[in-house]
Structure formats: C-alpha cells, structure tokens
Amino acid sequence: MNTAETLAPGARIVVRDAEWLVTSVDRTSTGGQAISATGISD
C-alpha cells in the first residue's frame, strides 16, 4: 500500500476474493496502519 493512501471506517475492500467492511484504522508505532475489518461476502 502506498503510504499516501488512507482507509477510513466504512470503506469496502477486497482481499483474497472476499469483500470486507473496514471497522477501524489505527496507526502503528512504525508509522503503518492496522486495519480491522468484518467479512461481508456471501
């Protein structure tokens, strides 16, 4: 992921052919992002 990209809660992402709803995004101590998501695919 490009460091200029930022995800926000409520965004939908696709990972390994499954759709996910981002529930929270937190900064890590190394400057990255820790993303929590809930699966919403069938």
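Summary of values
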read-out: Kirkwood Rh, angstrom, the chain [1 / mean 1/r, Cα pairs]; value: 10.9 Å
read-out: Extended-chain gain in nm, criterion 0.36 nm per residue less alpha-carbon gap, Val15 and Thr28; value: 2.6 nm
read-out: Radius 14 Å from Cβ of Val22, net charge of other residues (Lys, Arg +1; Asp, Glu -1); value: -2
read-out: Dipole moment magnitude, nearest 20 debye, the chain about Cα centre, only Lys, Arg, Asp, Glu C-beta charged; value: 140 debye
read-out: Dipole of the chain, positive direction: furthest Cα of Val15, Ile40, Ser29, with charges on the beta-carbon; value: Ser29
read-out: In Hz, Karplus ³J(HN,Hα) per residue of the range 19-32 (6.51, -1.76, 1.60; θ = phi - 60°; x = Gly, Pro); value: 8, 10, 10, 5, 9, 7, 9, 10, 7, 9, 5, 9, x, x
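Laboratory data are not the source of any read-out in this text; all were calculated from the coordinates shown. Bear in mind that the values here come from a model prediction, so they are computed numbers and not experimental data. Using ideal geometry, Cβ is built from the backbone for each residue, glycine included, and neighbour counts are taken over all protein chains shown.
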